[in-house]
Structures are given as C-alpha cells and as structure tokens.
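A short worksheet on the structure shown next.
Please treat every number below as a calculation from the coordinates, not as lab data. Predicted model only: the values in this text are computed from it and were never measured. Every residue, glycine among them, receives a Cβ derived from its backbone with ideal geometry; neighbour counts consider all protein chains shown.
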Amino acid sequence: MTETPFEGVGKTWTEAVGVKPWSYVDVWSLGRVAFRLTALVLWLALILAAMACTAPVALLVPGVAKRIRRSISRSWLKGTLLLLGTRVTVHGAPPKSPFFLVGNHISWIDFFVTNTLVDAVCVSEPVVTQIPLARFVLKGMDLIVVTRTRKKLHETSERMMRAMRDGKSLIMAPEATVSPGQRVCHFHSGLFESAVRLGRPVHYASLTVRTPLGWPPATRSVLAPDRDLPIKSPTPEEVELMRQQNGRGFLCYFLGLLSLPCHEYIVTFAPEPLLRNDRKELARALQQAVQSIFTPVE
C-alpha cells in the first residue's frame, strides 16, 4: 500500500524541519505527549464521575441505568481515540443489527475502534477488564469475558447464544493474539459454536493502520504484540518485528504513540456474511476471507 500524507497534516516532518522524527527529542513532540496525557487523565476522571452519578438511577430503574452507562462507556471510547490521535477510515458498510461480526487483531486500539463503529456486545479477553480505573468504565459495555478452558468456553458460548436470542449483536476477534500486522493469524473455532448451533451467518471485517509519511511506520509505533501469546510458525520478518515491538516497555511504547501527530485505522467491512454448519470449517473460512481483504501493516 502506498502511503500518502493525511489530509490536514501538510508537509512531512522531514520536509518541514529537515530532520527525521525521533532523531532527537523535539519540543513539539514533548508538548503533544504532555497535552494528551493530561487530557486522557481528565477525560477518564470526567467519565468516572458520570458513571458514579448513575448509581441512584440504578437503584430505581436498573434497565435505564444500564443503557446510560453503555452510552457513557462508548463516549469514553470515542473521546479516547480522539485524544490518542486515532483517525478512522471506513470502507464498506457495517452490518445491520442484529449481527455477529469478527475481525483481525493487530493492537489493543482495535477494541476502541470497532466498539465505536458498531453497537454490539464485545466478546473479549480478560485483559480488557484489568486496565486500572478504566475497567470500571468498560463494565458499562456489558462485555462477555472469555476464559479459555473447556468449561469456561462452554459457559461463554451459552452467554453468546442468550445474547443472540435476545436480539443483541456480537463482535469478536477470534485470533486471540495480537499479530505483528503482516497476516491474519489462526482463528480459534471454539466460540463459533454459538453461531453454528443457532444457524447464524457471521459478518467479517479487516483492520489495518498506518502513520503519516516521515514518521515511524505503524509496525514500530502503533502495534505492540502480546509477548505471552506468540503467533504460530512466524516468518523471519515477523520474528524481527516482534523482537523490535516487544523490546520496548509499555510506557516507552505508549509515550512514542502519543508523540505521533496522528495515525489512521482503516476498517474494511465485507458486504456478505458467511454461513457454515461446522465451527472449525467456519473459523477457517472466516480467517481466509478476512485475509483476502486485509492490507498488511507497514
């Protein structure tokens, strides 16, 4: 994919000041990081206060409080993306509710992007609920948290089926690992049991990300794979990317992300869903379908 400068960014860093970004600590990057960190903390504090104000409503009308908290949670996701400098470009149209939607997994920011584009119950790993303070906001999203043991997977599938029977939409990243962005990794089939048993078609989308010209590529500035869940049979290029990405601590990575002027997520929705009567066959077909519309991260 040939990158072009984002609209509104203007000249690249090299053209504007004659040096490569990150070749030295510049005052603009420091100011950007300081502003965004402060804004993120204040935004989270405001959202937590709004959540606390729903407590009296929950005592009187729990259903209304639940809807309000969900709205507050989604507002926090949208505001956080804005403060992180995340721009989202959408190709195709999101599926109409109710739906079951899956996509690939390249970064922790995926959760924020997909859950602001569609209103659905998210099937997520436990790590999402372990984010300090933010986990209280995320509880408003009515998440279905996955624990990958046979008993827990069965319970999760039952919760997913109840949600679908109630007319709710579902969204999930079935890779269960953050890849270095060069391909779509293996889709785990366990959680497709609910769709197969109910005979529901599954929609799919692909996610990729890029940075402005003249700035570090997204593979080294936006992506941060999970070192505890390595991909199977990585290529030499993927091994090198994972080594570079995991060589930084999270704080170093996060400050580098905040120093970027912006980064662009590109989400491509497929026009038609897939339907299979076997969960393993469905997982394979969806992985191949997402790969066919996926653009590797540069």
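Things worth noting here:
- Burial ordering of Leu275, Leu59, Leu84, fewest other beta-carbon atoms within 10 Å first: Leu59, Leu275, Leu84
- Our coupling estimate for region 179-192, obtained by passing each phi through the Karplus curve with A = 6.51, B = -1.76, C = 1.60 and θ = phi - 60°, is 7, x, x, 9, 7, 8, 7, 3, 8, 6, 8, x, 7, 8 Hz, Gly and Pro reported as x.
- Backbone amide hydrogens, once placed in the peptide plane, bring Val121 within less than 5 Å of Ser169, Leu170, Ile171, excluding anything fewer than 5 places away on its chain.
- Region 87-292: Cα Rg divided by the 2.2 N^0.38 Å rule of thumb: 1.01
- Under 5 Å from the amide H of Val146 lie the amide H atoms of Ser124, Glu125, each residue being 5 or more positions distant or on a separate chain, with H modelled from the backbone and absent for Pro and chain starts.
- With 23 Å as the limit, the listed pairs Lys78/Lys280; Lys66/Lys151; Lys78/Lys168 have Lys78/Lys280; Lys66/Lys151 beyond it between alpha carbons.
- Going from the fewest other Cβ atoms within 10 Å to the most, the residues Met242, Met172 appear in the order Met242, Met172.
- Put in line by how crowded their Cβ is, counting other Cβ atoms within 10 Å and starting with the fewest, Phe294, Phe136 read Phe136, Phe294.
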